[in-house]
1. Of all the C-alpha pairs in chain B, what % are more than 31 Å from each other?
2. Hey, how many Å between the Cα centroid of segment B:14-89 and the Cα centroid of segment A:80-96?
3. Shielding by partners for B:23-30, please: the mean number of other protein chain Cβ atoms within 10 Å of each residue's Cβ.
4. Return the Rg/Rh value of segment B:136-215, two decimal places, where both radii are evaluated on C-alpha atoms and Rh is the Kirkwood radius.
5. Once phi is turned into θ = phi - 60°, what whole-Hz ³J(HN,Hα) does the Karplus curve with 6.51, -1.76 and 1.60 give for every residue of segment B:158-168, x standing for Gly and Pro?
6. Using a 10 angstrom cutoff on alpha carbons, build the Gaussian network for chain A and name the most mobile of A:S158, A:S64, A:S92.
7. Which residues in segment A:124-162 place their backbone N less than 20 Å from a point set 7 Å from the Cα of A:Y65 along the Cα-to-Cβ direction?
8. Please determine, in degrees from 0 to 90 and to the nearest 10, the orientation of helix A:54-104 with respect to the longest principal axis defined by the Cα atoms of chain A, where the helix direction is its Cα long axis.
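Laboratory data are not the source of any read-out in this text; all were calculated from the coordinates shown. Worth saying up front: this structure is predicted, and the values here are computed from it rather than measured. As a convention, Cβ positions derive from the backbone with ideal geometry for all residues, glycine included, and neighbour counts pool all protein chains shown.
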Amino acid sequence: MELNDESRTTFFIRAVGVSARLSAVLKEAKNISLEAMNAKALVARAGESVRTFKPITDYMVELSYDTIKLVEEINTEALNISKSSLTAMRGSYAVSQYKKAKENSKEALYGDSFDKPMFNAQKDLDEFQKNLSRHTQRLHELLQEIETRMLAANVVTSTSRLEAATVSSVYQANFEAIVGKFEVAAKNIRATVMECRKILKLRRY
Amino acid sequence: MKKVKIYEGLHHEWIMFGRDVEKPEKIIDTNQYLIKTSREGILLDPGGIELFSSMLAAIVHFMPVDQITHLFASHQDPDIISSLGLWDKTISHATLHAPWLWEGFLRHYGCDSITYAAIPDEGSIFKMDGIELHFIPAHYMHSSGNFSVYDPVAKILFSGDIGAGLNKVDDPMFVEDFYAHIPSIKKFHQRWMPSERAKFAWIERVRRLDIDMLCPQHGSIYKGENVTRFLDWLESIEVGIGLRID
């Protein structure tokens, strides 16, 4: 399905909107990274009694690292979408101008002399639209990937809470605080990503 | 869009396009000119993006569009050349002749394939399929990098914004009564032309030319005696900085 000019313009702005919102995700991912480092330090200090917490902190580090990487990829895709939709919009304008000229030059002696550029403009437009579609699909996948990871983070949070309850009372409050912050950050990321997907209202075409 | 052949010689023709009734109401009416030989053509101030389809449809009544090998832009304004991006797609083999000063700016309109031939400040002579055109300096008339085009065989001077006014689509193609025409051009010149010195320099330069027709980019064409009348009048009025426009 082709996007008309208006929705393509809107889409171009929406992609920029997604990119802007991603700074919030980046901030939260950095928070997770910081909390993961705190947790690692705590695990090292607490020693054997909290060894079950180690895989959890490792996962938190991995999650924050992956999220930051995904956000960077999403930013690139959002930029690609902005560029592609703008090019497609220009291409669409060129095609419409040629069609209008064709309509107005029916009687002209050399009316067919711009058939080739007209054909090329249509071909370019089809290509731009394919690119746009590909980038949009990729953006959709990346956003979904972050969302899936944040769902997994929920599970990790529950496990972490159980583990935090079993550690020595000296460290319990610290671990619970770290888990709490991790939970909030994951929840915020998920909310932002859901908002991004809502903004895009992605179409498959 | 009206199409009027204003000159027909042995080797080339001048065609003027303008008075486009289909153009959006709030954009100024413009005159575009095509100089064509039997094999090649040059478009002078090809016009704004809004006019592109009308221009393309009009041109193909006279020649195949791929035979347009050159474009000329007197200066950088959008009504002159904002259609460049679409011409770039249509006649990618063409060369754009425009002031060197505006190259980096004009390319914003889209100039991926067309070759940019920068005209030096002192002007130059351009040859196309046996005809010769002179790019005459018209700096600060009104743009800081600006050229007129003179055809010594047709004795036509394309003057860009000089001689223009904020005209309407139903204005006559040629100035009939110069003195009656003055009100439609006076404020335009006083406000748009920034420098008395530049004005005198341009007038001095073009007075040396043998001109039958002075063709502006807006409004009516000056023919015969009206060319001298216009130059005398332009010399007599004060233009530009420091002038109070009521």
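1. Percent of Cα pairs beyond 31 Å in chain B: 16.
2. A separation of 23 Å, based on Cα centres.
3. On the way: counts 0, 0, 0, 0, 0, 0, 0, 0.
Per-residue shielding by partner chains comes out at 0.
4. 0.96
5. 8, 9, x, 7, 7, x, 8, x, 7, 7, 9
6. For chain A, modelled as a Gaussian network with Cα springs under 10 Å, the answer is A:S158.
7. A:145-154, A:156-157
8. 10 degrees
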